[in-house]
Protein chains: 4
Amino acid sequence: MSHNSFGHLFRVTTWGESHGAAIGCVVDGTPPGLRFSEAQIQRYLDERRPGQSRYTTQRQEPDQVRVLSGVMPGEADGELVSTGTPIALHIDNVDQRSKDYSEIARRYRPGHADITYDMKYGVRDYRGGGRSSARETATRVAAGAIARLVLPGLVVRGALVQIGDVAIDRSRFDWDETRRNPFFCPDAQTAERWADLLDGVRKRGSSIGAVVEVVADGVPPGLGAPLYGKLDADIAAGLMSINAVKGVEIGDGFASATLSGEDNADEIRMGDDGRPQFLSNHSGGILGGIATGQPIVARFAVKPTSSILTPRRSVDADGQEVDVMTKGRHDPCVGIRAVPIGEAMVACAIADHYLRHRAQTGR
Amino acid sequence: MSHNSFGHLFRVTTWGESHGAAIGCVVDGTPPGLRFSEAQIQRYLDERRPGQSRYTTQRQEPDQVRVLSGVMPGEADGELVSTGTPIALHIDNVDQRSKDYSEIARRYRPGHADITYDMKYGVRDYRGGGRSSARETATRVAAGAIARLVLPGLVVRGALVQIGDVAIDRSRFDWDETRRNPFFCPDAQTAERWADLLDGVRKRGSSIGAVVEVVADGVPPGLGAPLYGKLDADIAAGLMSINAVKGVEIGDGFASATLSGEDNADEIRMGDDGRPQFLSNHSGGILGGIATGQPIVARFAVKPTSSILTPRRSVDADGQEVDVMTKGRHDPCVGIRAVPIGEAMVACAIADHYLRHRAQTGR
Amino acid sequence: MSHNSFGHLFRVTTWGESHGAAIGCVVDGTPPGLRFSEAQIQRYLDERRPGQSRYTTQRQEPDQVRVLSGVMPGEADGELVSTGTPIALHIDNVDQRSKDYSEIARRYRPGHADITYDMKYGVRDYRGGGRSSARETATRVAAGAIARLVLPGLVVRGALVQIGDVAIDRSRFDWDETRRNPFFCPDAQTAERWADLLDGVRKRGSSIGAVVEVVADGVPPGLGAPLYGKLDADIAAGLMSINAVKGVEIGDGFASATLSGEDNADEIRMGDDGRPQFLSNHSGGILGGIATGQPIVARFAVKPTSSILTPRRSVDADGQEVDVMTKGRHDPCVGIRAVPIGEAMVACAIADHYLRHRAQTGR
Amino acid sequence: MSHNSFGHLFRVTTWGESHGAAIGCVVDGTPPGLRFSEAQIQRYLDERRPGQSRYTTQRQEPDQVRVLSGVMPGEADGELVSTGTPIALHIDNVDQRSKDYSEIARRYRPGHADITYDMKYGVRDYRGGGRSSARETATRVAAGAIARLVLPGLVVRGALVQIGDVAIDRSRFDWDETRRNPFFCPDAQTAERWADLLDGVRKRGSSIGAVVEVVADGVPPGLGAPLYGKLDADIAAGLMSINAVKGVEIGDGFASATLSGEDNADEIRMGDDGRPQFLSNHSGGILGGIATGQPIVARFAVKPTSSILTPRRSVDADGQEVDVMTKGRHDPCVGIRAVPIGEAMVACAIADHYLRHRAQTGR
């Protein structure tokens, strides 16, 4: 058991704080012979990287990843081959502003984990949020880049589907569009509305919540396991472990509470390929914790960041009542950068279950 | 790693199928010196037991639990004292109707895990749903009864807060009411509406989804852990592992996506007891994966059972297209009996984190 | 983590005390489609069963095993087919003599775990040794019978190679002989000497230590893993977890401390089958934690049981100094019945590594 | 599960190869508030560091450790305070000679893990032994330095007690002496004999095995757990995971096979402090897997390194028969540097069990 690890056979252990020398993770259990490059991991990190639009924090971090172990050079330039031993991924922290932390060190920002870390440990790294900073999520994204290689044919894509109470129009859903706007929005018209919405939020020094959807194609039927190693349970845990996530759903999710059995059950017919084919996907690709072969569909709700310019009532470590206003560099909508993070967590869960399934069934 | 275990220090391993000789679980890691009785466990099992109203399946199972190990007799009559060694809980299956399974053995009921078990294992126990039957949840409830004793002062209560699109009126929320109607409904007026709603569902041979809310009081601040052993991540995994659950949320959950940072962050003042006191509980009692000391609030969505009388299109194990209608004894709304199950899973997660917290911090 | 489980993918959780209603274990992670019968498990249990000669305890336990879950009936009579869900194995305790435990409840038998259980838990099941009784090992043997089926072609055999200071003559090593004498001795002449030796020990009410050797044939090269999941490390942990075991070695073991590099390294040539062939097996079939394809050879030392008729100085739970003499039914040499137990632990470790290897490499 | 992690609550994950950019480990689960410095870790690394006498390899590695996360600066200069989040320890590789690996890349050195890594993974880092190099053990020693701080009052010391067939004279055992000679030998006279012995071995380009003893004082009674989380089982697994270790024993170990029950059981009397006091320590401080409060005594056998100048028969990756002679920098007796490594593994196991015990019992 480790509080800072996830996965069982594809296992990731992360370390690091916002303002330490570096952050990183160890990826253990990777099959030998996977071929990739640092540039390939970097591409995913770049998607999560802050400072790329005015809608995300202006902290400047190159997030340059280095692979320190577990690989041998491949034939092609920059190509690496996994050897089956642990892969250490290392990212230096570059833009930790040295500043006076005396104020923030003692004051608990409402909605942040400042107070609970102190309640638990009695000591914490208060610089830039320390371990609870979203900075840690870079290591997840790096691990996810490896995870994507484990199951051949796996494609994991994410999209932001709601900001505040403005949801996308699903009839306009277009994966290609998600890379054309700064919101990972699959619907160009909604992206424009979000731009206006977020400009207002940003100018008010406020923040706002969002919903992210992650879809995994190419997951073969059979992955997952009853009853506590359910694929959906592991995806739920992975997504819920992301900072600021307050809800997770699979397939129809909470909407399924309102359905009748007739409407909810996905009917089956034989496909042209001689395999069973589902006529709908209310289940989100998972029945009884086991993949059906349909796309896996997961969504998660991200709360608004609590770093806002409006003063909020709080207390400090000495028990004094104070008003706290969080200056500094922050995301008005952390849900945006949560998209590549959500993808990474789903990819890691699937990679893990692929190995677990292969172990038990030999397939 | 075990697909059929959950928890780390308070660890539960379950076994058994719907129509085998028995079901049971092993609870390992229990502190020594806990005092309880079989009757005490039984009380929780009785809440989950089928056949107690016309709104649940008519299968008759006494669900009589026996404690086979890990205890010594206490002083009082029937009292048991945990010794710190594994506690085996055993429940005989009594009402497995012996019938002809030849039809169901080959036909995949849409919305059920029949097809995915076959896809994964190539062999499955099709009698009464086998391992994927809700029958297994009795063992969780039994384990949860032990879990409730681990953290002194812990109170875990559940309520059904929505059936179909009929939600309770929160202004009438009354915990006492949950034990007065057959729905665990905390709002007497809504309970009456549900009775009508479910009578209709039942008569149509249909089924309907629901939302359950579980609240844990008495959880001391500090329980939980960054970043992958978050208390909310473990609760989410536990709830998502219950049959038919498709979504989980903590505190404001998906609604927090629509909030601004000002509205979402729970402000803090000093309480009369000299301890920090939160002025609201949008967080559901968890910040950064760590308990704040406020009530833990979790909700989960239960899909409608797929066992319905309306024929649905499907295929059989031979690849023949068939129509499937599920006769037999079934719950029109499995969300009802999910209430004590949800309580048990939350209790187990908290017991586990109580031990994990004590390990690391000595408190 | 569970104190009462072992293995990762082939995972066994045991429960039960010497004088409770039953003992048992849950075997999780078994591949689907394994075919076996209760009689097949019983055969191994019968080898460990007490009371079969005058050299083991006279407690009479039929050790009748029942498979309560995780299987479907096969075609042949009594045949079971694993479904991939957890297999619960259940053995009733039959011959727990009801007697007065008031004396033993408070007095610590020297060399036994009575005092350490009390030091740890403050409460213990003192009846017949409770959880620390060798009775628990029956569940390991039952689990081992399943483990033997996981890796096709695996053969695990054990032999007693030393009692007291009388070791076998390796030039007369004959596996068939191990089933012809009551000692699992592979050398008929030594077996006769042991009979005399043990008759003396038994008549004196004394006990004596022993060394057991377990050899696994048919382990394919590649099983195992650097660096903390080494096959030898897992075998060592498994054997050391058996009651009364105080030492474990692989291959030449402690004797390799006296060797030079020239003598210790197993040279390699190409075999007639076109595969590398080792010219000796000092390594015991494991290099760098990974199987070489040669037989795996492990040995473990079993201390003499501390249940003897000679009074020994001790204390009781009240801090009074007492003399303790252990009457009752005991093994003069627990090393004898440790043979099938050692086999089971090695078989379980190999089954686990077979699944782990398959997970990572796909082979 | 992770092949490259050990411990459960005090959990160490290591990464790195002999000739990569760096090696390191992540230590998770550390209690908050531990105070230490990089210099303090360094002291233990310096004991393991090569090139300190003519009896160890001449590779020059400063083994300079850096703490990259999980700490805040303390008050004193260089002092660090653990925050309870994962501690990343990082050691750069400095003296990887760039040389032509074309020969060693294909040839399997007998007695080394070259061939088994290839059998398992089909690809390996052959530079300097890659992952199977003893270089990895530096990370264990660094982790062990943290582990020593977890249990207040714990003192873990190691000594070399045998090289080849020359064992120490226990009547001259002196812990202080272990730091006065280059062998960690507790007996000055034997150290002189070993100097002669090893000079011969070294000049012949040969190598020789050894036995290391590790003793832990200050372990409170109660640590450990039945039945698969036994303290001795975890120590055995930890020691067996060290490169070249082929045997492990606790207390009297293999010698207990030759004892009678009368001689083996440690008698007990009440001590002057009003606590039970054992009159001998055949058990090595552990009964039933649980610490007695006496010193924990473990020993392990280290085989001679297989890197020798005498040509040995082998094969290469193409199936060609070759003769292999291992030039380069090597330890004539790897048992010497195994002393601080063994200490580290025992310290880690005890730290882990301290946390596990505290979790379950609250003490």
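The values are calculated or read from the model by the stated rules, or taken from the named source; none is laboratory data. Worth saying up front: this structure is predicted, and the values here are computed from it rather than measured. Glycine also receives a Cβ, built like all others from the backbone with ideal geometry; neighbour counts cover every protein chain displayed. Just the protein is used for accessible areas: all its heavy atoms, side chains included, with ligands, DNA and RNA removed. Shrake-Rupley method; radii C 1.70, N 1.55, O 1.52, S 1.80 Å.
Being more than 7 Å from chain C (Cβ to nearest Cβ) and open to solvent by 10 Å² or more (accessible area, probe 1.4 Å) is the filter here; which residues of the range D:217-230 pass it? D:Asp217, D:Gly218, D:Pro220, listed by residue number.
The combined condition, being more than 22 Å from the chain's Cα centre (by Cα), farther than 30 Å from D:Gly33 by Cα and charged (D, E, K, R), is not fulfilled by D:Arg131.
Residue count for the range A:331-357 satisfying the condition of being farther than 21 Å from A:Pro152 by Cβ and part of a helix (DSSP H, G or I): 5. Here the range B:255-276 is the region considered, the condition is being free of Cβ contacts under 8 Å to residues at least 12 places away in the same chain, at the interface with chain A (Cβ under 7 Å from one of its Cβ atoms) and open to solvent by less than 40 Å² (accessible area, probe 1.4 Å), and the residue that is farthest from A:Met345 (Cα to Cα) is B:Ile268. Taken over the range D:121-133, the residue count meeting the criterion of being closer than 24 Å to D:Glu343 by Cα and either in contact with a Ser or Thr (Cβ under 7 Å, 6 or more places away or on another chain) or surrounded by fewer than 22 Cβ atoms within 10 Å (Cβ to Cβ) (or both) is 4. When the test is whether a residue is surrounded by 24 or more Cβ atoms within 10 Å (Cβ to Cβ), under 24 Å from the mean Cα position of the chain (by Cα) and either modelled with pLDDT of 95 or more or farther than 26 Å from A:Gly122 by Cβ (or both), B:Ala233 passes it. The residue that is farthest from the chain's Cα centre (by Cα), among those in the range C:287-314 that are more than 8 Å from chain D (Cβ to nearest Cβ) and open to solvent by less than 10 Å² (accessible area, probe 1.4 Å), is C:Ile296. Among the residues making up the range B:14-34, those that are more than 7 Å from every other protein chain (Cβ to nearest Cβ) and either without any contact (Cβ under 8 Å) to a residue 60 or more places away in the chain or not in a strand (DSSP E or B) (or both) are B:Ser18, B:His19, B:Thr30, B:Leu34.
Can you confirm whether B:Ile163 is open to solvent by 10 Å² or more (accessible area, probe 1.4 Å), modelled with pLDDT of 95 or more and touching a Cys at 6+ places or on another chain (Cβ under 7 Å)? In short, no. Does A:Val123 count as more than 9 Å from chain B (Cβ to nearest Cβ) and in contact with a helix residue (DSSP H, G or I) (Cβ under 8 Å, 6 or more places away or on another chain)? Here the answer is no, as A:Val123 does not meet what is asked.
The lone criterion from (1) under 17 Å from D:Lys230 (Cα atoms); (2) in a loop (DSSP other than H, G, I, E, B) left unmet by D:Asp318 is number (1).
All of D:Val322, D:Val334 fail the test of being more than 7 Å from chain C (Cβ to nearest Cβ) and open to solvent by less than 20 Å² (accessible area, probe 1.4 Å), apart from D:Val322. The residues in the range A:313-331 that are modelled with pLDDT of 95 or more and under 27 Å from A:Gln162 (Cβ atoms) can be counted, and the count is 0. When you scan the range A:191-209, do you find a residue that is within 14 Å of A:Gly342 (Cα to Cα), under 22 Å from the mean Cα position of the chain (by Cα) and open to solvent by less than 10 Å² (accessible area, probe 1.4 Å), even just one? No: the range A:191-209 contains no residue that is within 14 Å of A:Gly342 (Cα to Cα), under 22 Å from the mean Cα position of the chain (by Cα) and open to solvent by less than 10 Å² (accessible area, probe 1.4 Å). With respect to the conditions (1) open to solvent by less than 40 Å² (accessible area, probe 1.4 Å); (2) over 21 Å from B:Phe300 (Cα atoms); (3) not basic (Lys, Arg), B:Pro152 lacks only one, and its number is (1). Quick check, is D:Ala257 modelled with pLDDT under 95 and either farther than 24 Å from D:Arg48 by Cβ or polar (S, T, N, Q) (or both)? Spelling it out, it is not the case that D:Ala257 is modelled with pLDDT under 95 and either farther than 24 Å from D:Arg48 by Cβ or polar (S, T, N, Q) (or both). Comparison of D:Val212, D:Val248 shows that the only residue that is facing another protein chain (nearest Cβ under 7 Å) and buried (at least 24 other Cβ atoms within 10 Å of the Cβ) is D:Val248. Checked against (1) in contact with a helix residue (DSSP H, G or I) (Cβ under 6 Å, 6 or more places away or on another chain); (2) open to solvent by 50 Å² or more (accessible area, probe 1.4 Å), C:Ala145 passes all but condition (2). Among the residues of the range C:106-133, count how many are small (Gly, Ala, Ser) and free of Cβ contacts under 8 Å to residues at least 60 places away in the same chain. Residues flagged as small (Gly, Ala, Ser) and free of Cβ contacts under 8 Å to residues at least 60 places away in the same chain within the range C:106-133 amount to 2. Note on the range D:32-43: residues that are touching a Leu at 6+ places or on another chain (Cβ under 8 Å) and open to solvent by 10 Å² or more (accessible area, probe 1.4 Å) amount to 4. When C:Met72 is tested against (1) open to solvent by 30 Å² or more (accessible area, probe 1.4 Å); (2) more than 20 Å from the chain's Cα centre (by Cα); (3) of a type outside the set (Asp, Glu), exactly one condition is not met: (1). Any idea which of (1) within 14 Å of chain D (Cβ to nearest Cβ); (2) open to solvent by 10 Å² or more (accessible area, probe 1.4 Å) is the one C:Arg157 doesn't satisfy? (1) is the only condition that C:Arg157 fails.
Note on the range D:277-286: among residues that are in contact (Cβ under 8 Å) with a residue 40 or more places away in the chain and either open to solvent by 30 Å² or more (accessible area, probe 1.4 Å) or part of a loop (DSSP other than H, G, I, E, B) (or both), the one that is nearest to D:Gly335 (Cα to Cα) is D:Gly284. Provide a single number: the residues in the range A:162-191 that are under 15 Å from A:Val334 (Cα atoms) and in a loop (DSSP other than H, G, I, E, B). Matching residues across the range A:162-191 total 5. Taken together, D:Arg49, D:Arg11 contain a single residue that is within 14 Å of chain C (Cβ to nearest Cβ) and either touching an Asp or Glu at 6+ places or on another chain (Cβ under 7 Å) or surrounded by fewer than 22 Cβ atoms within 10 Å (Cβ to Cβ) (or both), which is D:Arg11. The single condition from (1) touching a strand residue (DSSP E or B) at 6+ places or on another chain (Cβ under 7 Å); (2) in a helix (DSSP H, G or I) that B:Gly130 fails is (1).
Among the criteria (1) within 30 Å of C:Leu34 (Cβ to Cβ); (2) of a type in the set (Val, Ile, Thr); (3) in contact with a strand residue (DSSP E or B) (Cβ under 9 Å, 6 or more places away or on another chain); (4) open to solvent by 10 Å² or more (accessible area, probe 1.4 Å), the one A:Ile350 does not fulfil is (4). Pairing residues of the range D:68-90 that are more than 10 Å from chain A (Cβ to nearest Cβ) with residues that are buried (at least 24 other Cβ atoms within 10 Å of the Cβ), at Cβ distances under 6 Å and at least 6 apart in sequence or on separate chains, gives D:Leu80/D:Val71.
For every residue, the table says whether it meets (1) modelled with pLDDT under 90; (2) surrounded by 14 or more Cβ atoms within 10 Å (Cβ to Cβ); (3) not aromatic (Phe, Trp, Tyr).
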site: C:Gln60; (1), (2), (3): yes, no, yes
site: C:Val65; (1), (2), (3): no, yes, yes
site: C:Arg97; (1), (2), (3): yes, no, yes
site: C:Ile104; (1), (2), (3): yes, yes, yes
site: C:Met119; (1), (2), (3): no, yes, yes
